[in-house]
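Following: one structure in structure tokens, then a few remarks.
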2 protein chains.
Amino acid sequence: MLNFELYNPTNYVFGKEQITKLTDLVPKNTKILLAYGGGSIFKNGIYDQVKTALSGFEIVEFGGIEPNPRYETLMNAVEIIRAQNIGFILAVGGGSVIDGVKFISAAVKFEGNPMEILKKRMSIKDISQVIPFGTVLTLPATGSEMNSGSVITINETQEKLAFGGSALFPKFSICDPTVIESLPKRQIQNGVVDAFTHVMEQYLTYTHDALLQDRIAESILQTLVEIGPSVVENPTDYKLASNYMWCATMALNGLLNKGVPTDWATHMIGHELTALYEIDHARSLAIIGPNLYRVMFDTKKDKLAQYGERVFGIQGNSVEEKAEKAIEKTVDFLHKMGMLTKLSENTANYENTADFIVARFEERGWKGLGEQQNVTPEKVREIVEMSY
Amino acid sequence: MLNFELYNPTNYVFGKEQITKLTDLVPKNTKILLAYGGGSIFKNGIYDQVKTALSGFEIVEFGGIEPNPRYETLMNAVEIIRAQNIGFILAVGGGSVIDGVKFISAAVKFEGNPMEILKKRMSIKDISQVIPFGTVLTLPATGSEMNSGSVITINETQEKLAFGGSALFPKFSICDPTVIESLPKRQIQNGVVDAFTHVMEQYLTYTHDALLQDRIAESILQTLVEIGPSVVENPTDYKLASNYMWCATMALNGLLNKGVPTDWATHMIGHELTALYEIDHARSLAIIGPNLYRVMFDTKKDKLAQYGERVFGIQGNSVEEKAEKAIEKTVDFLHKMGMLTKLSENTANYENTADFIVARFEERGWKGLGEQQNVTPEKVREIVEMSY
């Protein structure tokens with residue numbers, strides 16, 4: 001097992017009717033910025049629940065944080081906080097709103113141009129330099145409600161940049177699974193596949209001796225496979241919804257990657273498909289993941305076989321056979337989750353995608369991605385072309 | 001899934017040669033109480049490693065915290081801290097030393113008689129009212145390194161009382177699996193069984209819809225079953241030692257019980273065996289656990305069958321058959337771990353044990369223990385007599 005540090009001070013508040021606890025969770029005598037996205041919280045009743053819980057508090061609202069939140073939008077909130085002496089931020093939304101609030105939190109007291117936080121991929125560790133924030137999660141997917149990472153897009157340069165740091169854990173996150181009832185099917189499909197792929201990135205590497213970590217990862221994968229297709233059809237089923245929400249948090253709250261190698265190449269390639277064709281993040285992962293496993297078969301086959309046996313109950317006469325079946329089962333699952341796993345099914349003009357992505361990676365000097373840094377530009381080309 | 005809150009701010013630092021990080025983890029310019037137990041840290045080199053990492057810091061030592069730490073002993077440390085203006089405590093030891101330090105931490109600033117903390121089973125939530133502390137774990141078993149609970153014995157009245165609260169999480173815990181190399185076999189056996197039973201208390205209840213929680217619990221059980229007997233024989237094998245240490249923490253760091261019913265009746269009965277006959281805590285659990293499953297078979301059989309299938313790969317024609325086999329497999333495992341699962345194998349004068357324990361529970365007004373409060377005094381009698 002590799003050495004690791006596990007630190008996660010977020011107070012995670014899970015269950016029905018937990019939004020009422022906001023009254024006790026937000027600080028008293030502090031002006032609060034209520035940050036949200038495109039307005040779905042007005043339709044599903046979350047806005048009303050939040051406002052009721054916060055009656056008596058001084059609140060300034062900031063709506064309109066977009067999917068793939070933009071630096072330019074967020075800087076407007078930074079100005080409001082500075083001008084109005086706001087001391088706490090409440091993010092009400094999904095991963096985009098929460099990621100956006102993490103940037104706002106870090107930017108307010110930043111000395112210099114806050115764009116540097118992104119350009120230099122800074123790690124914000126000093127609690128005294130951020131505005132504290134909490135979250136009310138409305139869309140389970142990214143795990144941002146219980147981690148300290150964030151991805152922000154700079155509109156001007158069309159760059160999608162990550163930053164984070166231990167000062168950027170939410171103080172609290174309220175996760176009420178009933179929010180899933182009113183989500184569009186497509187968002188539930190995406191959320192399950194996003195969570196599933198988060199686990200795979202931290203698990204599907206090579207066989208190692210962190211026995212418990214593997215089994216916890218497999219626990220989340222098994223649960224998502226078990227409930228994923230059903231929760232899309234029955235989002236009012238609390239058993240399904242609660243397991244989905246908890247799995248999505250556990251998939252990326254910093255527990256799974258402790259002591260083990262991680263991959264993340266599927267995300268690196270998938271991000272480019274989103275940038276090029278505005279393919280939903282989760283759908284880009286569903287296109288790339290299985291083909292990455294195929295192209296990197298030699299280095300991943302042992303783990304694929306373990307995954308196949310333990311998650312899908314696959315049997316076979318050889319590691320190769322079990323590993324191949326495991327990839328097929330993964331694609332089956334993605335199809336059941338409504339994913340279209342070919343690039344050509346998601347966009348019309350895909351012919352030059354591999355050239356473009358490989359050129360971009362080479363520009364950045366990326367010689368090899370993945371847990372063994374062996375997903376070379378040539379392998380990336382093969383993966384992307386296999387995805388057409 | 002039941003509503004829950006998950007909060008755990010301990011910075012958990014795991015791996016080889018991590019004790020050197022103490023230099024950065026303890027606060028600067030603060031006098032430190034270095035608390036430890038009977039002196040094993042002098043033999044295994046931990047004391048030297050700690051002192052080296054803390055060279056330049058002002059340290060006051062307090063040794064002699066005993067197994068089942070005593071209120072009377074700990075109050076001596078409280079006096080030292082008050083007299084010498086000490087601002088941080090470093091617990092170097094196993095669960096007893098860490099539990100003891102939690103009490104010291106809570107008692108120093110307590111207004112009134114600190115014995116009330118125990119007698120009233122207080123929940124200490126106010127960070128400003130405790131002395132912060134960190135730990136260096138030398139014996140994986142209790143999970144105290146990453147939770148906020150503590151059990152203290154009052155010598156005068158021979159009471160073993162629990163308290164805790166969110167202010168009593170360690171600031172950090174350094175867990176280096178190489179400490180296991182020098183542990184006596186009996187302590188490793190006990191540590192594995194203690195961790196195993198912690199999981200069972202939070203898992204082996206009734207079937208419910210918290211799918212992921214069940215699987216995480218099973219992950220720890222599977223791992224302990226896989227490595228437990230081997231780590232006793234090969235404590236220098238880092239793969240075995242690191243998985244054991246990480247499982248012991250995860251077994252009781254507050255994750256497993258989220259959203260699920262919990263039992264703890266085995267502990268309640270086992271505690272009495274320890275009080276009566278000084279049977280090691282883990283060994284008392286090994287005596288009681290399987291007989292509790294037998295006596296409570298009707299309410300636990302579905303979960304026992306699930307446990308048998310998933311942890312031991314048991315197959316059978318009925319729930320009852322699988323559940324019975326699961327109990328047998330559990331006893332087999334406990335035997336492999338060096339446990340003697342009959343009371344008569346652990347003490348000579350056991351004939352009146354059931355009478356005594358039932359009388360004690362009735363004195364306390366305990367009408368029913370366990371996840372369904374249906375382990376009545378009559379059932380307790382049956383369980384204890386079955387354990388003879």
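The values are calculated or read from the model by the stated rules, or taken from the named source; none is laboratory data. Note that the structure is a prediction, hence the values are computed from the model and not measured. Here the Cβ is made from the backbone with ideal geometry for all residues, glycine too, and neighbour counts use every protein chain on show. Surface areas here come from the heavy atoms of the whole protein model, side chains and all, with no ligands, DNA or RNA. Shrake-Rupley method; radii C 1.70, N 1.55, O 1.52, S 1.80 Å.
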At 7 angstrom along the Cα-to-beta-carbon line, where would the label on residue B:313 sit relative to the other copies? Give the distances in nm, shortest first. 1.6
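When only DSSP loop residues count, what chymotrypsin sites (Phe, Trp or Tyr not before Pro) in segment B:194-224 have their Cβ near at most 13 other Cβ atoms within 10 Å?
Filter output for segment B:194-224: empty list.
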So, counting K/R as plus one and D/E as minus one, what does the shell of residues with Cβ under 14 Å around residue A:350 add up to? -3
Partner shielding of B:205-213, as the mean number of partner chain Cβ atoms within 10 Å, equals 5
Using a label point 7 angstrom from Cα along Cα-to-C-beta, what distances in nm, from shortest up, separate residue B:335 from the other copies? 5.0
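With the other protein chains left in place, how much accessible area per residue, in square angstrom, belongs to the protein assembly as shown at a 1.4 angstrom probe?
38 Å²
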List, shortest first and in nm to one decimal, how far the label point of residue B:262 (7 Å from Cα along Cα→Cβ) is from its counterparts in the other copies. 2.9
Working with all protein chains in place, sort B:336, B:51 by solvent-accessible area computed with a 1.4 Å probe, largest first. B:336, B:51
If the only charges are +1 at each Lys and Arg Cβ and -1 at each Asp and Glu Cβ, what is the size of the charge dipole of segment B:11-178 around the Cα centre, to the nearest 20 debye? 260 debye
How large, in percent, is the carbon and sulfur part of the accessible surface of the protein assembly as shown at a probe radius of 1.4 Å? 46 percent
What's the center-to-center distance, using Cα atoms, between segment A:25-86 and segment B:1-76 in Å? 42 Å
Signed unit charges on C-beta, dipole axis of the protein assembly as shown, positive-most listed residue B:232, B:264, B:23: B:23
Take the Cβ-Cβ distance between residue B:320 and residue A:83 as r, set R0 to 60 Å, and report the resulting FRET efficiency rounded to the nearest 0.05. 0.30
Percent antiparallel among DSSP beta bridges with both residues in the protein assembly as shown, to the nearest 5? 30 percent
How would you classify chain B from its alpha-carbon gyration tensor, with a ≥ b ≥ c the square roots of the eigenvalues: rounded for a/c under 1.5, else prolate if a/b is greater than b/c, otherwise oblate? prolate
From highest to lowest solvent-accessible area (probe 1.4 Å; ligands, DNA and RNA excluded), A:263, B:24, A:209 read B:24, A:209, A:263
Rolling a 1.4 angstrom probe over the protein chains, ignoring ligands and nucleic acids, what is the accessible area of residue B:65 in square angstrom, nearest 10? 10 Å²
Among residues of chain B, the one whose beta-carbon sits nearest the axis that rotates B onto A, given with its distance in integer Å, is B:9, 2
About its Cα centre, segment A:184-387 carries a charge dipole, from +1 on Lys and Arg Cβ atoms and -1 on Asp and Glu Cβ atoms, whose size in debye to the nearest 20 is 360 debye
Beta bridge orientation in segment B:11-178: antiparallel %, DSSP, nearest 5: 20 percent
Rounded to the nearest 100 Å², what is the buried accessible area between B and A, both sides summed, probe 1.4 Å? 3600 Å²
Rounded if a/c is under 1.5, else prolate if a/b is larger than b/c, else oblate: which is segment B:184-387, with a ≥ b ≥ c the root eigenvalues of its Cα gyration tensor? oblate
May I ask what percent, to the nearest 5, of DSSP beta bridges between residues of chain A are antiparallel? 25 percent
Would you give the gap between the C-alpha center of segment A:245-308 and the C-alpha center of segment B:127-157, rounded to a whole Å? 39 Å
Cleavage-rule hits, trypsin sites (Lys or Arg not before Pro), segment B:115-218, DSSP coil, Cβ neighbours within 10 Å at most 14: B:120, B:121, B:125
Lys and Arg at +1, Asp and Glu at -1: add these up for the other residues within a Cβ distance under 15 Å of residue B:10 and post the number. +1
For the cross-link pairs A:120/B:16; A:120/A:367; B:28/B:51, which exceed 27 Å when the distance is taken from alpha carbon to alpha carbon? A:120/B:16
Net charge, residue B:142 excluded, C-beta distance under 12 Å - Lys, Arg +1, Asp, Glu -1: -2
